[in-house]
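A short worksheet on the structure shown next.
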Amino acid sequence: QVQLVESGGGLVQAGGSLRLSCAASRRIFSINTMGWYRQAPGKQRDLVATITSRGNTNYADSVKGRFTISRDNAKNTVYLQMNSLKPEDTAVYYCNLVLPRLEVWGQGTLVTVSS
């Protein structure tokens, strides 16, 4: 069973930047989609950004122009560069991997943006 290990969360002031990383524990099937979702206290888990194994990306409107998702297929790793952070970006960020017959979630990493 593949596992996802996230890192890079923390506390940052509004306007600052953070970079999240998520690595799969083993080599994964070449056709897949990796992404980031977030869940703020008392709210549902929402899409932040996804990227396919071919590099096609999709972003939530609220992060377009501020966040950039990328991946390194050789390292089975996906990244989320977050710039111009806002207090409303505060949430637990979850890494997600979708394979043809399997979906995997990371344990989550907390991002807190202070005003």
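The values are calculated or read from the model by the stated rules, or taken from the named source; none is laboratory data. Please read these numbers as outputs of a predicted model, since none were measured by experiment. For neighbour counting, all protein chains shown are included, and Cβ atoms are generated from backbone atoms with ideal geometry for every residue, glycine included. What goes into the accessible areas is simple: the full protein's heavy atoms, side chains included, and nothing from ligands, DNA or RNA. Shrake-Rupley method; radii C 1.70, N 1.55, O 1.52, S 1.80 Å.
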In the chain the DSSP beta bridges are antiparallel at a rate, in percent to nearest 5, of 90
If amide hydrogens are placed 1.01 Å from N in the peptide plane, which non-local residues have theirs closer than 5 Å to the one on GLY16? LEU85
Could you tell me the calculated FRET efficiency between ALA14 and ARG54, based on Cβ-Cβ distance and R0 = 35 angstrom, to the nearest 0.05? 0.50
Ranked highest first by the average count of other Cβ atoms within 10 Å around their residues, in what order do 86-98, 3-15 fall? 86-98, 3-15
Using alpha carbons only, how many angstrom separate the centre of segment 52-75 from the centre of segment 82-115? 13
With all protein chains present, how much of the accessible area of the chain (probe radius 1.4 Å) comes from carbon and sulfur, to the nearest whole percent? 47
Could you check the simple spin-label distance between SER30 and ARG101, using points 7 Å along Cα→Cβ, in nm with one decimal? 1.9
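Could you provide, to the nearest whole Å², the per residue accessible area of segment 7-115 with probe 1.4 Å?
55
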If the cut-off is 25 Å between C-alpha atoms, which lysines fall inside it for LYS43, apart from same-chain ones fewer than 8 positions away? LYS64, LYS86
